[in-house]
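The values are calculated or read from the model by the stated rules, or taken from the named source; none is laboratory data. Bear in mind that the values here come from a model prediction, so they are computed numbers and not experimental data. All Cβ positions, even for glycine, are placed from backbone atoms using ideal geometry, and neighbour counts span all protein chains on display.
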Amino acid sequence: MKNEELDRARATPIEEVAKRLGMRVVRHTALCPFHNDKNPSLHFHRGKNRYKCFACGASGDVVDLVMRYNNLGFKEAVAEILEKKGEILEADDCHDASPQKTLKTPDIEYLSTLIAHPVLTVDARRFLFDERKIDPRVVEWCGLTSIDVPTPCWRWGKAFYDAPSLLIPYRDVDGRLLTVQGRRLEELKIKELKIKEMGDEDSKHYTPRFRFPPGSQVGMYNKPVLRRLGEGDELWITEGPSDCWAMLSAGRKAVAIPSATSLTMDDIRLLTHGLPDGVSLHMAPDNDRPGMELFQDLKRHFPQMQGHVLPDGVKDFGECWKDGLF
């Protein structure tokens, strides 16, 4: 990622981004999506291009807002801002004319039926087994399934998850479903075009690679693995679900934390006080600036976490695993 790309993303007006995420902004304030807000507590500072909630304390810049709202990693959030030219979420894809607009939490009952009987399409099998070399036992443990037609994220909604996509369940430590993330498998047809060279017609083809139903607040991925830890075990922290699957395939117990801002207080308590005695935290950061920044951010929460260096020329652990370098 080039510095000028990051600068362009961070210069995108934060209120414009918030509105395209589906937030109702009135006089530089909005209901905070990061807690059960009844009165608008989220304030936007247009001069600094930042947000802050005076109720729950959530704060950050425009990239942080997209990361936390959509539960994305740093690079994915920047890419969405740049690729979509500010059109972070197409509200019409997931909002119906009436009840949908008041939806505050994911429709867990509907999502549960969506993932109840996992099916892997040809695209999903190619991505998981041929490209990523993921162990089938890991796919089963994580409950991964897939779709080949656009699918709603709630029972009365319009199509929300793109096709073809993986559907990735996020669960709490006891296995209760929190939400389902969509991970688009098809590469964008015009991905190579420079944003500045695109016309409005071309930009319509862009859709986010990762999607969570509105209102999703999930934090750490693969929390149920914490119940399988024993005294003296290692717990590996990865940057996203696909790296987590690779780490699990390598025989390590692992979770994913896309960004420090996506961590909830419950997650922090789990990793500091809720693990068996002697469990050590480990991380092999991505070989780029955002990866190292995430590692440093997490070290502030978990000072005892041990860092490991990936081989030269490898961008992340998922690539290390699929190339047989681990």
Exercise for the section: Please specify each residue of the range 112-142 satisfying the condition of being over 22 Å from E186 (Cβ atoms) and either of a type outside the set (S, T, N, Q) or buried (at least 16 other Cβ atoms within 10 Å of the Cβ) (or both). Expected result: A116, H117, D135, P136, R137, V138, E140, W141
Exercise for the section: Give the range 273-310 a look and list any residue that's polar (S, T, N, Q) and either surrounded by 15 or more Cβ atoms within 10 Å (Cβ to Cβ) or under 18 Å from the mean Cα position of the chain (by Cα) (or both), or say none. Expected result: N287
Fill in the blank from the handout: Quick count over the range 311-323, residues being assigned to a loop (DSSP other than H, G, I, E, B), without any contact (Cβ under 8 Å) to a residue 12 or more places away in the chain and surrounded by 13 or more Cβ atoms within 10 Å (Cβ to Cβ), is 0
Practice task
Would you point out the residue of the range 250-273, among those that are assigned to a loop (DSSP other than H, G, I, E, B) and either assigned by the TED database to the domain that holds A58 or free of Cβ contacts under 8 Å to residues at least 60 places away in the same chain (or both), that is farthest from E76 (Cα to Cα)?
Solution key: G251
Handout entry: For E131: the one exception among (1) of a type outside the set (K, R); (2) modelled with pLDDT of 95 or more; (3) touching a strand residue (DSSP E or B) at 6+ places or on another chain (Cβ under 8 Å)
Key = (3)
Exercise for the section: Keeping to the range 171-182, report how many residues are under 11 Å from the mean Cα position of the chain (by Cα) and surrounded by fewer than 22 Cβ atoms within 10 Å (Cβ to Cβ). Expected result: 0
Handout entry: Flag for P40 being touching a residue at least 40 places away in the same chain (Cβ under 8 Å) and outside any helix (DSSP H, G or I)
Key = no
